[in-house]
Amino acid sequence: MNEFEKIDLSSSKPSISENTSFNPQNRQSRFPKQTIFVLLGVFLLIAVATVFTVVLPAQKAFGSAQKTYTQARSAWDAIKKQNVELASTELEKTRQSLSQTQRDLQALSFTRFIPFFGAYYNDANHLVKAGFHGLDAAVAVVDSLKPYTDLLGLEGQGGSFVLGSAEERIQTAVLTMGKITPHIDEVVKDLELAKKEIDGINPNRYPSFIAGGKIKQQMVRLRSLTDQGVSLLVEARPLIKILPSLLGDPEDKKYLVLFQNDNELRPTGGFITAYAIFRLEKGVVHVDTSSDIYNLDNTLLNKPKAPEPILKYLPNVATLNLRDSNLSADFIESMQTFNSLYKNTRGKTEVDGIIALDTNVLVSTIKILDDEVYAGGVRFTSKTDKRCDCPQVIYELERLISTPQSIDIRYTDLAAVQARRKDMLGTLLYAIMEKALKSSPKKYWGPLMQDMIAQIDQKHVMLYLYDKEAQKGVEALNAAGRIKAFDGDYLHINEANFGGQKANLFVKESVSQEINVSSDGVVTKTVTIDYKNPHPPSDCNLERGGMCLNAPLRNWVRVYAPAGSKLLDSKGSEVKVTSYEELGKTVFDGFLVVRPLGAATYTLKYTLPFKLKKGSPLPLLIQKQPGTDNNQYEVKVNGKTVEKFELLTDKEFKLDI
């Protein structure tokens, strides 16, 4: 303390002799040397204290957080590999690592009272708490899946469905499913708590100059993904909770299954060519009835007048049939029209919902089943048939359905041939299920289950359940073929083959969107659809045994854009393009023909109903038409290609302008 005693705290200033010339080198310091030493000592003490109380704990907490992140990635990799046992182990390791991070972060808790620094500590604390809630949800899901590893094709020690007959395995799965579905409430609660923590973080607190703006971007993305995930699960919860009931436990459920031939494309996925009544008894599927759609149409009395598109584009059809009722681009709207007719048929059966599937499901399923299924004495495979350059199962079904009875050389009993055709689809579906169920669960069940999830995601399978709560869940999972509301730009191209036989089997389609934004924010779009049919026409003389597959495609085209869009120009339509409002969108309606060994181009130019603010991204949703596959898409912004992809599912973007 001697140094402090030497400090002169008086207010008097040191004098400068008048006869002393001013020289900076001779000038006395404004502070005594002792003062400088004291201040340096204070600063050193503060620095040391900062190192031990902030820097080192912060460094330790940061290092711990990095280890936790690495461990969390290991858990996520196990989940992506669908290894339930490994995921369970890695999640527990992640919990232990996160607990250590929380303890290391606690050493910095005093900083929450410090302006500026406190906000960042609070953000870190929010993330840690959100992590624990997320882990609780993940563990609940993984633990619930453990008994179903065989059924779902996951890796792990399942074994619950190995013993017993196929029916007993399925029934065991459905019965135990009723015991785990209540856990969905726990999962939703944990995720909602995680969302609450993440919503407490302000991404704008992280300037763009920090780490190149990556932290801010990651925070924004984390909040968005969390909000979407929680909303999806909350909406899907009713469906998950009543899943056992939908699978026939405790009471049987019946579903009308419609087979849509996507090779003859229609608005909801394809021409309705056949139907079946499936009955589910504790998960076990029974095919009660199956038949050609024409047979059901023949029982429909007092058919209403056909709507304008059919009168205009489908030759020689004046009334509305069940097979042509799926005209709305929205699957549920189309099925409601179908039901308005179906209730007046003599073949009506009371059902609990409608399931629609297309040829893609058959091809994919047969491929999983060792690429071979026998049904009704006919061998079906997914291998390419040179007669059509398409899967053999497609050609064989078309041959059985389309070839006149008089030239079906396999059978001489025409009544037997007719009955055979009438039930062929049901026979094939039953043969597929029988082969799958009689196998070891590990061989087919998992791949089939996962393939079905992919088929639903790609709109090759769609559902309309009459239970309103269950239907809300179906729609939340995007499994109902709905035309969605969307805030931003929107595109859905919907087409109908009105008289081109099975030409969609041969026609290739590509779509280009060019988006231009003017200085005042006006958005102008040019959508160009190119069609090519590189195959020669089929021999459509059925009397001499021809298979009329490839013929001129009479294509009714509707382009759905944001409501209020204004058409500027169009090219390629063989009729005048009209526009109207439908399903909350503006629709541009046209028609063209694509011939074998030919090509066609259809172009629309229009403006969007809103202006884009400078520097703002342009949200864009592209919805896929059910039944389509492999259509190529390209998105250009101000002449530059920004996206190029194959449209397999609905896709959402935020385009930088």
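The values are calculated or read from the model by the stated rules, or taken from the named source; none is laboratory data. Here the structure is a predicted model, which means the values were calculated and not measured. Cβ placement follows ideal geometry from the backbone for every residue including glycine, while neighbour counts extend to all protein chains displayed.
Take the conditions (1) closer than 27 Å to Ser144 by Cβ; (2) in contact with an Asp or Glu (Cβ under 7 Å, 6 or more places away or on another chain); (3) modelled with pLDDT under 80; Trp76 misses just one of them, which is (2).
Within the stretch 582-599, the set of residues being over 24 Å from the mean Cα position of the chain (by Cα) and either farther than 25 Å from Lys566 by Cβ or of a type in the set (Lys, Arg) (or both) comprises Val593, Val594, Arg595, Pro596, Leu597, Gly598, Ala599.
For Lys435, the conditions (1) modelled with pLDDT under 75; (2) of a type in the set (D, E, K, R); (3) farther than 24 Å from Asn504 by Cα are fulfilled apart from (1). Within the stretch 101-111, being part of a helix (DSSP H, G or I) and buried (at least 16 other Cβ atoms within 10 Å of the Cβ) holds for Thr101, Gln102, Asp104, Leu105, Thr111. The conditions of being assigned to a helix (DSSP H, G or I), crowded, with 20+ Cβ neighbours inside 10 Å and modelled with pLDDT of 80 or more are not met by Pro267.
Out of curiosity, is Tyr464 assigned to a helix (DSSP H, G or I) and assigned by TED's automatic domain parsing to the domain that holds Ser334?
Criteria not met by Tyr464.
Among the residues of the stretch 632-657, none is identified as in a strand (DSSP E or B), within 17 Å of the chain's Cα centre (by Cα) and of a type in the set (S, T, N, Q).
When we screen Val587, Val593, Val635, Val577 for residues that are of a type in the set (A, V, I, L, M, F, W, C) and either surrounded by fewer than 18 Cβ atoms within 10 Å (Cβ to Cβ) or on the phi > 0 side of the Ramachandran plot (or both), the only hit is Val593. Restricted to the stretch 337-358, and to residues there that are hydroxyl-bearing (Ser, Thr, Tyr) and in contact with a helix residue (DSSP H, G or I) (Cβ under 7 Å, 6 or more places away or on another chain), the residue that is surrounded by the most Cβ atoms within 10 Å (Cβ to Cβ) is Tyr342. Considered as a group, the residues in the stretch 369-389 that are buried (at least 20 other Cβ atoms within 10 Å of the Cβ) and touching a residue at least 60 places away in the same chain (Cβ under 8 Å) include one that is nearest to Ala503 (Cα to Cα), and that residue is Cys388.
Within the stretch 112-138, work out how many residues are in a helix (DSSP H, G or I) and either at positive phi or hydroxyl-bearing (Ser, Thr, Tyr) (or both). Steps first, answer last, please.
Within the stretch 112-138, the subset in a helix (DSSP H, G or I) is 112-113, 117-138.
Restricting the remaining residues to those that are either at positive phi or hydroxyl-bearing (Ser, Thr, Tyr) (or both) gives 120-121.
The number of residues fulfilling the criteria is 2.
Selection of the stretch 274-284 for residues being surrounded by fewer than 23 Cβ atoms within 10 Å (Cβ to Cβ) and either part of a loop (DSSP other than H, G, I, E, B) or touching a helix residue (DSSP H, G or I) at 6+ places or on another chain (Cβ under 6 Å) (or both) yields Ala276, Lys282, Gly283, Val284. In summary, Leu311 fulfils each of the numbered conditions (1) surrounded by fewer than 18 Cβ atoms within 10 Å (Cβ to Cβ); (2) in a loop (DSSP other than H, G, I, E, B); (3) of a type in the set (A, V, I, L, M) with the single exception of condition (2). Taking the listed residues Glu235, Glu251, the one that is outside any loop (DSSP other than H, G, I, E, B) and under 30 Å from Ile277 (Cα atoms) is Glu235, with no other qualifying. Looking across Lys502, Lys566, one residue alone is buried (at least 16 other Cβ atoms within 10 Å of the Cβ), basic (Lys, Arg), over 21 Å from Ser334 (Cα atoms) and not assigned by TED's automatic domain parsing to the domain that holds Leu357. It is Lys502.
Listed here are the residues, each with its yes/no results for (1) at pLDDT below 95; (2) among the β-branched types (Val, Ile, Thr).
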site: Asn298; (1), (2): yes, no
site: Thr319; (1), (2): no, yes
site: Ile332; (1), (2): no, yes
site: Gln336; (1), (2): no, no
site: Asn339; (1), (2): no, no
site: Lys348; (1), (2): yes, no
site: Gly376; (1), (2): yes, no
site: Pro391; (1), (2): yes, no
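Look at the stretch 618-631 and say how many of its residues are out of contact with any Phe, Trp or Tyr (no Cβ under 9 Å at 6 or more places or on another chain) and either exposed (fewer than 15 other Cβ atoms within 10 Å of the Cβ) or part of a loop (DSSP other than H, G, I, E, B) (or both). Within the stretch 618-631, residues that are out of contact with any Phe, Trp or Tyr (no Cβ under 9 Å at 6 or more places or on another chain) and either exposed (fewer than 15 other Cβ atoms within 10 Å of the Cβ) or part of a loop (DSSP other than H, G, I, E, B) (or both) number 6.
So that you can scan it fast, the table gives a plain yes or no per residue for (1) within 20 Å of Glu264 (Cβ to Cβ); (2) assigned to a helix (DSSP H, G or I); (3) modelled with pLDDT under 75; (4) in contact with a strand residue (DSSP E or B) (Cβ under 8 Å, 6 or more places away or on another chain):
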| position | (1), (2), (3), (4) |
| --- | --- |
| Ser382 | yes, no, no, yes |
| Ile394 | yes, yes, no, yes |
| Leu400 | yes, yes, no, yes |
| Ser406 | no, yes, yes, no |
| Arg410 | no, no, yes, no |
| Gln418 | no, yes, yes, no |
| Thr427 | no, yes, no, yes |
